[in-house]
Each structure stands twice: as C-alpha cells, then as structure tokens.
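Inspection log for the structure reproduced underneath, given as structure tokens.
Every number here is computed from the coordinates shown, using simple stated rules; none is lab data. Please read all numbers here as calculations on a predicted model, not as lab measurements. Here Cβ is always computed from backbone atoms with ideal geometry, including for glycine, and neighbour counts include all displayed protein chains.
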Amino acid sequence: MRIDIQATDRVGITQDILAILSKANCDLITTEMVHGHVYVNMNTGPLSFGQIRGRLFELIDVIEVLEIDLLPAEQKQKHLNVLMQRLPDPIFDINSEGKILVATASAAEICQQSIEDLEGKNLGDFIGEPLSILLGKELSTVEVNVLRQPFQAEITPVTNHGKLTGAILVLRSPQRLGQQLSALQQSNDTDINNIIGQSPAIKAVMAKTMRFGKLDLPVLICGETGTGKELLAQALHQQGFDSDAPFLAINCATLAENLLESELFGYAPGAFSGAQRGGKPGLFELAAGGSVFLDEIGEMSTYLQAKLLRFLQDFTFRRVGGTKELKVKVRVISATHRNLETMASQGKFREDLFYRLNVLNLEIPALRHRADDIPLLVEHFVARAATQIDLPKPKITKQAMVLLSQFSWPGNIRQLENLLFRSLALLDGNTLGVDNIQLPRSSEKGHENEGVTTNEQQSWQSAQSVFEKELLTRMYPLYPSTRKLAKQLGVSHNKIAMKLKQHGIGEP
C-alpha cells in the first residue's frame with residue numbers, strides 16, 4: 001500500500017507518523033519526505049486503508065491521508081525509464097569498473113541482449129576497446145565497434161567530488177550521423193514543387209527530374225554557375241525511393257586533394273597528425289542508403305577521379321590510412337559548369353569516369369534562356385528579402401520588371417537574388433523602380449551577342465547595327481514612345497523612329 005500523508009510541517013512529525021505505523025505492525029518498504037508530505041510504501045497485513053487512515057488521524061497534525069499508485073521517486077523513475085527507452089541512440093551508463101548500470105532499448109538491441117540481461121555485464125565484452133579509453137577524465141569521441149558494427153561514441157565522464165565514478169556513452173551509427181548532418185544541410189524548399197518557373201525549358205527539366213528520381217542511377221547535372229544545380233540535386237533525391245535517407249553535399253573545388261579524400265572516404269585511426277583518435281567516417285559511409293552530391297566535379301584531381309571510379313564500380317573503398325575494405329550503397333549525383341566531354345577529349349578529365357557519372361543527364365538552362373520565369377523569380381525573391389529585412393513587400397514597377405527581364409544575368413539566379421536583396425536593403429519607400437536597381441555594367445553585355453559570329457563583328461557597320469538593336473531593345477520598354485526615347489538618348493525623334501522601324505522594335 002502506498003499512501004500520501006499530508007501534515008503540518010513541524011519538527012518530529014515524520015517520526016510520530018512512523019511510530020504509529022510501526023505500532024500497527026506495518027512493514028515499511030520506502031519512505032519519502034517532502035515539505036508538508038510524508039510518502040510511505042508498506043505492507044499493512046490485515047489492516048485496510050480505512051483502518052490505517054483512522055489511526056493516522058489520531059495525530060492532530062495530520063490533515064489528509066490519500067492512497068496513491070506511486071511514490072514521487074517511483075513516478076519519476078518510471079517516466080525516466082520511458083524516456084530512456086524512447087531515445088533512438090544506444091546509451092550506456094557504466095561504473096568505474098566498466099559494468100553496465102543502465103542501458104537503453106536500442107543499446108540492448110545492438111548487443112543482442114535484453115535490457116535485464118545486459119545490465120550488470122561488462123561493456124568491454126561488447127566493445128573492443130580498452131577500459132582506459134572509455135573512462136577518460138575529459139569529454140571525448142572515439143570510434144568503437146559493437147559486435148562488428150561501427151559507431152561514434154561520445155563519452156561523458158561522471159565524477160563525484162573530483163573522483164571518476166563512471167561514464168555515459170552515447171553511440172551514433174554512421175547512418176544516424178548522416179541523417180543528422182543531412183538535416184542540417186538541407187533547406188525547407190528542396191521539393192521539386194518549390195522550383196520556380198513556368199517556361200518550357202524549366203518544365204522540361206522538372207519532368208526529367210521526376211522521372212530520374214525513381215531510377216537508382218548516377219546523374220550528372222550541367223549548368224552555368226548560379227543556375228541552382230544543388231537545389232535540383234536535392235529535388236532529385238526527394239523524388240527517389242531513398243528520400244528519407246541522408247542527402248550530403250560537398251563542393252569539390254573548395255578543398256585540397258587530401259582533405260577532399262578524407263571527407264569523402266573518411267580516415268582510419270592515426271591516419272595523419274591531427275586526426276581524431278578513433279578515426280572518422282566519410283560522406284559515403286554517412287550517406288549509406290541515400291545520396292551524395294559532388295558539386296563542381298570537374299575540379300576534382302585525377303588521383304581522386306581514379307579512386308571515385310573504383311568506388312562506383314562496386315561501391316567498395318578503404319578509408320585513408322585504413323586496411324579494411326568497406327562497402328556502402330549510395331547514389332552519386334554530380335554537377336559541373338564545365339563541359340566534361342570536352343575536358344575528357346583533351347585528357348583533363350577521365351573519360352571512363354565521365355561515362356560512369358553521365359548515365360543520366362540534366363541540363364539546367366541559363367536564366368537568359370528562360371526570361372519568362374524572371375518575373376516569377378523577382379516576386380519570390382523580393383517577398384523573401386522583405387521578410388528577412390522585416391519590411392513590407394514593396395511594389396515593383398513595370399519598368400523595373402522589364403529592366404530585370406532583359407538583363408543577361410551572367411551570374412544567373414544567384415546574381416538576381418543578390419541584386420534584389422541589395423536593392424531592398426537600400427530602398428527608401430515602398431516602390432521598387434528602375435532608379436533603385438543598379439545593374440552591374442561590367443558584365444551587362446556578357447551574353448547579349450551570343451548569336452553574332454566573329455566574321456560578322458569584323459565589319460564596323462554590322463557591329464554598330466548589333467549595338468543599336470541591343471540598346472533600343474533594352475531602352476524602348478522603359479521609354480515606350482519615340483519622343484521619350486529620343487529625349488533620353490539625346491537624338492532626334494525622326495532618327496529614333498527610323499531605327500526602331502529598321503530593327504523591328506515597337507511601333508514607330
């Protein structure tokens with residue numbers, strides 16, 4: 001029987017209560033004292049709760065006696081046990097001798113034991129590491145193997161008055177670490193429906209992405225810088241059967257060869273100075289069952305190209321400095337702004353690797369080739385920038401939208417987004433007009449003359465004609481009458497009318 005005795009808080013009240021229970025021949029099991037409460041777990045023999053209650057009320061300080069299911073400490077322990085068993089990562093609580101005091105359900109599962117059988121056994125029977133490594137005096141992370149399964153163990157020492165009394169070990173599998181890393185890398189707009197655009201070019205890319213997502217084959221994404229290759233790779237992953245598995249990305253152009261190798265393939269303990277004591281899994285291990293996105297694959301060294309090619313053949317590899325052969329299954333999605341086929345023909349990229357990566361191909365069109373999507377992108381980026389700056393969304397004038405739609409955008413979507421964010425940050429008022437947009441002059445004509453050949457530009461007259469047409473095409477929507485345009489350019493009305501008619505622009 002468990003009871004809660006509520007009484008006046010005075011010196012000796014607990015002793016008086018226990019004396020009454022002892023006189024009634026109650027066998028006390030557990031007693032807890034909290035301000036104003038005495039909790040008792042006991043065997044009462046033939047006495048009923050009513051009889052015990054009556055005897056306790058003989059004390060004038062007793063206010064109430066209630067029968068309860070659990071004492072506070074028991075209730076707390078029950079909730080703690082439920083919490084511990086719900087934790088996804090295996091957790092061991094060991095004493096200074098390495099004996100398991102507490103283990104979670106997932107810990108018992110990887111040890112192939114029940115929780116009851118596991119507690120009291122030595123952790124060294126399951127983890128092939130010396131006790132001295134598991135019982136250090138500082139926080140540490142080491143790689144361990146539990147029945148040949150690799151885990152990263154986060155070890156937290158437990159001390160009492162400066163003396164080491166045990167440790168808490170939290171084990172994370174490479175797959176679990178990969179899922180956590182993937183969650184940090186991915187944004188909330190990775191679904192294919194969040195790709196903005198209604199032009200035929202981008203719709204065709206989206207349709208191919210949805211089809212390719214269901215195929216467990218390598219995909220090569222080609223496109224200029226800033227076109228959104230990583231966003232498309234994430235959407236491709238989300239369309240696949242492994243969408244709940246990790247998606248991990250790395251830029252091959254940002255790391256030196258040796259660093260990129262260790263990031264991709266991991267390294268064994270003691271592989272090089274400064275390495276983690278227990279080694280480290282690479283992206284391929286962490287993304288097992290999921291996808292690895294290799295951005296700017298064209299910048300990868302020939303040595304790593306050869307190692308990647310071997311991995312793609314049978315998905316086996318060795319960590320840097322390791323001797324053990326590992327095998328994982330991942331989907332490799334790569335991207336480049338270079339022409340890998342040309343590089344392969346020139347000997348700058350391995351031809352056999354190119355064919356391995358280019359099983360499926362996605363070509364993202366440059367922004368200047370999907371100008372119809374620019375108004376949608378502008379509205380989206382302006383709304384997002386306004387939210388980030390904590391300003392009301394401004395109105396975009398028609399002239400400003402025309403100006404943005406006719407620019408070549410050599411930096412593509414990234415350049416458009418950055419320019420709009422900068423424009424809103426400097427905006428006074430609630431209208432975004434032509435005067436608020438500063439297009440970069442140095443690259444403004446970067447792609448305008450793509451259709452003009454070298455022979456055509458050898459003629460002064462043809463070059464002048466190209467310049468006139470480009471200028472009038474860009475300026476006429478901003479000053480949509482011959483008189484306004486003539487005034488802006490400082491020439492006669494008749495000359496502008498003649499040139500507009502010559503180049504087939506507007507209505508002269």
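Which value results when the Cα radius of gyration for segment 2-74 is divided by 2.2 N^0.38 Å? Kindly include the intermediate steps, with their values, before the conclusion.
Values: Rg = 11.0 Å, N = 73, 2.2 N^0.38 = 11.2 Å.
The reported ratio for this selection is 0.98.
When we measure straight from the Cα of LYS78, which aspartates and glutamates land under 15 angstrom away, once same-chain ones fewer than 8 places off are left out?
Hits, sequence-local ones excluded: ASP69.
With a Cα-only, solvent-free Debye model of segment 195-241, what are the log10 I(q)/I(0) values at q = 0.13, 0.21 Å⁻¹?
-0.27, -0.71
As a test of the formula, what do you get for the chain when each DSSP H run with n ≥ 4 contributes -39,500 (n - 2.57) and the sum is divided by the residue count, at 222 nm and rounded to the nearest 500 deg cm²/dmol?
Result for the chain, helices only: -11500 deg cm²/dmol.
Cut-off is 10 Å between beta-carbons; in what order do ILE110, ILE374 appear when sorted fewest neighbours first?
ILE110, ILE374
In 10 Å bins starting at 0, how do the alpha-carbon pair distances of segment 199-342 split up by percent?
11, 40, 34, 13, 2, 0
Output the relative contact order of the chain, whole-number percent, from Cα pairs under 8 angstrom with separation of 6+ residues.
10
Dividing the alpha-carbon Rg of segment 367-436 by 2.2 N^0.38 Å yields what?
After normalising by residue count via 2.2 N^0.38 Å, the value is 1.01.
Which of PHE212, PHE315, PHE241 comes first, and how do the rest follow, when ranked by fewest Cβ neighbours within 10 Å?
PHE241, PHE315, PHE212
So which aspartates and glutamates pass the test for LYS203, namely a Cα distance under 16 Å, with those fewer than 8 places away in the same chain ruled out?
Here the aspartates and glutamates satisfying the reach criterion relative to LYS203 are ASP191, GLU363, ASP372, ASP373.
For a bin width of 5 Å, list the pair-distance distribution of segment 87-172 built from all Cα-Cα distances, rounded to whole %.
Once binned at 5 Å, the Cα pair distances of segment 87-172 give 3, 16, 29, 29, 16, 6, 1, 0.
Among ARG86, ARG331, ARG422, ARG176, which comes first, second and so on when ranked by fewest other beta-carbon atoms within 10 Å?
The order, fewest Cβ neighbours first, is ARG86, ARG422, ARG176, ARG331.
Looking at the P(r) of the chain, how many percent of alpha-carbon pairs lie beyond 34 Å?
Cα-Cα pairs in the chain separated by more than 34 Å: 61 percent.
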